[in-house]
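Each remark here refers to the structure printed beneath this line.
The values are calculated or read from the model by the stated rules, or taken from the named source; none is laboratory data. Owing to the predicted nature of the structure, the values given are computational and were not obtained by experimental measurement. Please note: Cβ atoms are built from the backbone with ideal geometry, for glycine as well, and neighbour counts cover all protein chains shown. What goes into the accessible areas is simple: the full protein's heavy atoms, side chains included, and nothing from ligands, DNA or RNA. Shrake-Rupley method; radii C 1.70, N 1.55, O 1.52, S 1.80 Å.
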Amino acid sequence: MPEHKNSSRRTYASAPVNRRTTPRAAAKPPPLPAAVRARAQKTQQRQWLGAPLSELAGRPQRHRLHPGVIAATVFAVAAASALLLLRSATGLALAAAFCALGGASWLWQNRRQRSDPGALNRPASPALFDAQALRTIDEAFEATAAVVNEPALAALISLKAAAARMALAVGRAEVNGDFTHEDRLYVIECIRRYIPDTLSAYLQVPPAQRALPGPQAAASADHLLQGQLALLQAELEQREQRLHESAVEPLLRQQRFLQSKARRG
């Protein structure tokens, strides 16, 4: 039978003709174990929340070195230098004098410390927050960040930043007409009680019920949490503004004084 003039001996196919030329599908990585995912999520939460308050506000204050020890050390070095440089009766006399002065200084400072035991070794600024309170608020922040939705997480991170700023500032704040005793007490109690109690109350709600409306069509636990976080942050920021005004007030008084003198001239 004769071949048709339009026929061809070539064959065409839409797929490879053998397995060797078949492209291999990309292998899917195995799913990570739940424990690994949990650790990764916890690490990410810590990065979002920043350094714990226990590291920021709970660092122990350094005590000042005893002035008598400093003076005795200085005089001892001076005595040794006199002996090495002079190596004579004069050097020996100077060394003895320096040693006597160092001993006298140490005795005087020691007697002063006995009259007021806390005067020389008193911390520069006493800690306002005990270690347990700081651990409690850090644990509450981390536990809440692991379960809330994105809007609440953003509010939580913002509140944590405001709390950290005020925890550092309130210890150095001076109480006056702008930043009062009540303002200082609110900041302290906010970190000790108000924030941890708010987060603890939210965590006590079962996870399946946090997005559901409350009794009598009240707001859900998620909405209540966001509202309370916003309220706490607004109160802290209000105290922060008062603290700023208190710190700037002496400079403003000086400016008013200089302006009044300039007008008279």
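Would you please give the residues with an amide H less than 5 Å from that of G214, counting only those at least 5 places away or on a separate chain, with H modeled from the backbone geometry?
For G214, the qualifying residues are A219, S220.
Sort T136, T198 by accessible area with a 1.4 Å probe, largest first.
Most to least solvent-accessible, the answer reads T136, T198.
Test of understanding: what is the full-extension gain from Q209 to E150, defined as 0.36 nm times their sequence separation minus their Cα-Cα distance?
Net length gain for the segment: 19.5 nm.
Multiply the residue separation of R172 and W48 by 0.36 nm, subtract the distance between their alpha-carbon atoms, and state the gained length in nm to one decimal.
41.9 nm
If I take R0 = 30 Å and measure r between the Cβ atoms of A219 and Q241 in this structure, what FRET efficiency does the formula 1/(1 + (r/R0)^6) give, to the nearest 0.05?
0.55
Leaving ligands, DNA and RNA out of it, rank R184, R193 by accessible area with a 1.4 Å probe, largest first.
Correct descending sequence by accessible area is R193, R184.
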